[in-house]
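Take a look at the structure below.
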Amino acid sequence: MKNEDKNVSAKKVDEPRIDMNKTTKAEENEKHKDHDESHEHGGVFGTNTELIFSIICGTFLLTGFGLSFIAGLPFWVSLTCYIIAYFFGGFFTTKEAVETIAKGHFEIDFLMLVAAVGAATLGKWAEGALLLFLFSLGHALEHYAMGKARKSIAALSELAPKIAILKTEEGEKEVAIEDLKIGDIILVKPNSKISADGMVIQGESSVNQAPITGESIPVDKYPAKDKEGIDEQNLPAEHRVFAGSINGSQVLEIKVLKVAKDSTLARLVKLVNDTDAQKSPTQLFTDKLQKYYVPSVLGLVVLLLFAFLVIDESFSDSFYRAMSVLVAASPCALAISTPSAVLSGIARAAKDGVLIKGGGPLEELGELTAIAFDKTGTITEGKPKLTAVKGFNNTSEEDVLKIAIAVEKLSDHPLAAAVVKDGKERLKDAEIPKAQNLESVTGHGVKAKLNNTQITIGNKKLFKTLPDEVLKEVEKLESEGNTTMIIQQDKTFIGLIALMDTPRDNAKATLEELKRLGIKKMVMLTGDNQKVADAVAKLTGITDAWGSLLPEEKVDAIEKLIQQEKKVAMVGDGVNDAPAMAKSTVGIAMGAAGSDVALETADIALMADRLDNLPFAIALSRQSRKIIKQNLWVSMSVVAILLPLTILGIATIGPAVIAHEGSTLVVVFNGLRLLAYKK
């Protein structure tokens with residue numbers, strides 16, 4: 001359960017909420033980061049230096065081994081080859097061992113180095129060189145494999161073009177994207193990348209947003225008809241564009257709303273790169289295990305060094321056994337088993353527009369048994385739609401709509417805008433009469449003049465009495481979750497219209513998929529009345545609908561769910577639902593692209609405004625957990641088998657090295673399978 005200090009919502013929606021608990025976790029993880037992260041080794045041969053050094057080591061090992069079979073050839077010739085192999089094979093192992101010892105840690109590199117030196121002390125140069133060759137080769141391939149996962153994330157930073165075409169009074173000129181300022185106007189040519197986050201002010205085109213949001217279908221973009229007074233920070237999707245997305249076949253003029261370093265793409269890259277520091281429960285467990293395990297192994301090795309005092313064998317035999325145990329017991333595979341899977345899972349999710357902030361949320365997502373959803377904008381579209389038109393007293397539905405549009409055109413109420421927009425779509429090119437003298441009746445409706453008649457439009461509270469026919473229809477529609485608007489012409493009730501924040505097209509299918517994934521309880525939390533909540537639940541398949549909730553009551557609802565189900569996610573917009581998201585096991589933000597607050601507050605951000613990405617994220621998490629468990633079993637089983645075999649002297653350094661390094665590569669490449677995970 002997360003700290004209650006986080007439940008203080010920002011007073012202004014554009015101020016990111018600071019999560020004190022997560023900051024503490026990040027600081028704690030940073031303490032481990034220096035000595036736990038995979039080292040990138042460069043040198044005289046560039047980023048491949050470690051791999052090349054390993055190959056050189058193997059070459060001299062084979063050469064020395066081959067020369068040892070030539071009769072009459074001095075031993076020092078083979079020995080020289082082995083020493084050179086030691087140098088190249090042990091170079092980076094020694095470097096890492098020194099670095100970790102300087103920080104007060106004893107890790108795997110130190111254990112391998114001690115084993116190799118021990119083998120040389122016994123004159124087993126070939127076996128020591130084999131150990132260093134396989135260990136360095138394993139490290140090099142491990143870095144290559146892990147680098148592949150990181151590159152799939154780092155490739156995000158290459159999406160944005162380096163140059164933008166700036167429109168000035170003198171004409172067009174090319175500038176670096178870093179030089180763009182808020183308010184600049186840039187041109188984007190057909191089939192080229194968009195250079196900055198901004199608002200379309202000229203031109204219409206389809207834009208491929210897949211690199212940012214994971215949406216597979218291009219999104220139509222066009223300028224706002226009324227640019228005056230538009231809220232640039234909360235733009236509708238059809239007017240907003242992102243840096244790194246790809247323009248279609250038409251020229252666009254875009255007003256820059258964010259400088260390069262603050263673009264959605266730049267923030268996305270930064271957040272993904274920061275995920276390494278946020279360790280999963282399994283990672284923290286293996287870190288803690290290694291903390292006690294490595295000293296225990298060293299203690300066992302010291303005891304085995306003196307085995308000759310107890311059993312009938314020479315000191316050299318005891319020393320050799322101890323070195324074999326040292327190799328067999330080193331937890332290389334255990335150390336890398338979880339990070340390889342976590343990083344690959346995060347990279348795969350990012351490819352489809354799901355930002356997972358570290359191993360913790362990745363693992364916890366797969367353990368969920370309940371999910372709480374905000375209604376508006378999450379389960380529903382977030383905007384009212386015209387759902388029904390009814391005529392009374394011989395008035396046709398078309399005439400009812402024309403009158404409603406004529407009056408509501410004069411109003412700036414959100415419901416009025418929905419009536420006008422959807423009504424015109426229904427009527428197509430029908431001529432709309434002109435109304436005048438609009439008068440607002442606060443909280444109830446509006447009045448206006450139309451063709452020398454008085455038109456009154458409002459809810460049932462606006463009218464003292466209603467005919468039974470009208471009242472019955474109103475109650476029926478409202479019981480289904482609609483908001484009704486009754487229309488009166490002079491003294492005659494001529495019709496009514498109904499509006500509703502309708503469920504997303506994919507909401508029902510998504511919830512059914514979540515049920516198939518084993519999510520037992522799906523609860524909708526909303527400030528709307530219980531009738532509306534029940535109606536939406538019935539349409540979508542929500543198991544529980546809790547209505548009339550204030551933001552603080554949503555937090556209480558999450559606490560109640562956690563007591564019942566243990567692991568609970570909250571899906572919302574990342575702003576108004578921030579306190580509830582913070583209290584949940586995993587906070588998930590919908591449509592986080594372009595929303596700074598959503599990116600900051602959520603553990604997981606669905607970049608596109610697509611609810612159907614949620615089952616994919618949960619299924620990917622479960623596959624990640626499955627692979628992590630497989631890796632742990634492989635790594636721990638190899639140690640469990642090798643350890644007694646080497647203690648009893650059945651297995652020597654050679655087989656121990658091969659099995660040990662082989663298991664390390666198995667867990668790395670098993671983790672990388674997540675990169676190819678399919679929906």
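The values are calculated or read from the model by the stated rules, or taken from the named source; none is laboratory data. Everything numeric here is computed off the predicted structure, so don't read it as measured data. Here the Cβ is made from the backbone with ideal geometry for all residues, glycine too, and neighbour counts use every protein chain on show.
One table, with the values for the structure above:
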quantity	calculated
Residues of the stretch 277-318 that turn out to be touching a helix residue (DSSP H, G or I) at 6+ places or on another chain (Cβ under 6 Å), hydrophobic (A, V, I, L, M, F, W, C) and at pLDDT 85 or above, as a count	6
Within the stretch 467-483, considering residues that are buried (at least 18 other Cβ atoms within 10 Å of the Cβ) and at pLDDT 90 or above, the one nearest to GLY495 (Cα to Cα)	VAL470
Residues located in the stretch 518-529, provided they are surrounded by 14 or more Cβ atoms within 10 Å (Cβ to Cβ) and either assigned to a helix (DSSP H, G or I) or of a type outside the set (Asp, Glu) (or both)	ILE519, LYS521, MET522, VAL523, MET524, LEU525, THR526, GLY527
Considering residues of the stretch 384-433 that are modelled with pLDDT of 90 or more and among the hydroxyl-bearing types (Ser, Thr, Tyr) only, the residue nearest to ASP468 (Cα to Cα)	THR395
Count of residues meeting criterion [touching a residue at least 60 places away in the same chain (Cβ under 8 Å) and either in a loop (DSSP other than H, G, I, E, B) or of a type in the set (D, E, K, R) (or both)] in the stretch 371-421	11
Single match in ALA370, ALA349, ALA333 (criterion: within 28 Å of GLY671 (Cα to Cα) and modelled with pLDDT under 85)	ALA333
Where a residue in the stretch 629-647 is surrounded by fewer than 23 Cβ atoms within 10 Å (Cβ to Cβ) and its partner, wherever it lies, is modelled with pLDDT of 90 or more and of a type in the set (Asp, Glu), with Cβ under 6 Å and at least six apart	none
Residue list for the stretch 598-630, filter: aliphatic (A, V, I, L, M) and in a helix (DSSP H, G or I)	ALA598, LEU599, LEU614, ALA617, ILE618, ALA619, LEU620, ILE627, ILE628
Helices (runs of 4 or more DSSP H) wholly inside the stretch 35-147 containing at least 2 residues that are at pLDDT 80 or above and not aliphatic (A, V, I, L, M)	49-67, 75-102
Residue that is surrounded by the fewest Cβ atoms within 10 Å (Cβ to Cβ), among those in the stretch 557-591 that are small (Gly, Ala, Ser) and in contact with a strand residue (DSSP E or B) (Cβ under 6 Å, 6 or more places away or on another chain)	ALA557
Meets criteria (within 30 Å of ALA498 (Cβ to Cβ) and crowded, with 24+ Cβ neighbours inside 10 Å) for ALA404	yes
Leading residue by the ranking (nearest to the chain's Cα centre (by Cα)) among those in the stretch 311-366 that are over 24 Å from GLN209 (Cβ atoms), outside any helix (DSSP H, G or I) and among the charged types (D, E, K, R)	GLU313
Test for THR543: is it over 25 Å from the mean Cα position of the chain (by Cα), closer than 30 Å to GLY366 by Cβ, modelled with pLDDT of 90 or more and surrounded by fewer than 19 Cβ atoms within 10 Å (Cβ to Cβ)	yes
Residues that are buried (at least 16 other Cβ atoms within 10 Å of the Cβ) and over 43 Å from the mean Cα position of the chain (by Cα), drawn from the stretch 45-61	PHE60, LEU61
Selected residue (only one of GLU381, GLU363 is at pLDDT below 85 and at negative phi)	GLU381
Those residues of the stretch 471-485 which are of a type in the set (A, V, I, L, M) and in contact (Cβ under 8 Å) with a residue 40 or more places away in the chain, in sequence order	LEU477, MET485
Strands (runs of 3 or more DSSP E) fully within the stretch 203-270 counting 3 or more residues that are modelled with pLDDT of 80 or more and out of contact with any Ser or Thr (no Cβ under 6 Å at 6 or more places or on another chain)	252-256
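Conditions tested, residue by residue: (1) out of contact with any helix residue (DSSP H, G or I) (no Cβ under 9 Å at 6 or more places or on another chain); (2) surrounded by 15 or more Cβ atoms within 10 Å (Cβ to Cβ); (3) within 28 Å of PHE373 (Cα to Cα).
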| site | (1), (2), (3) |
| --- | --- |
| THR456 | no, yes, no |
| ASP490 | yes, no, no |
| LEU499 | no, yes, yes |
| ASN506 | yes, no, yes |
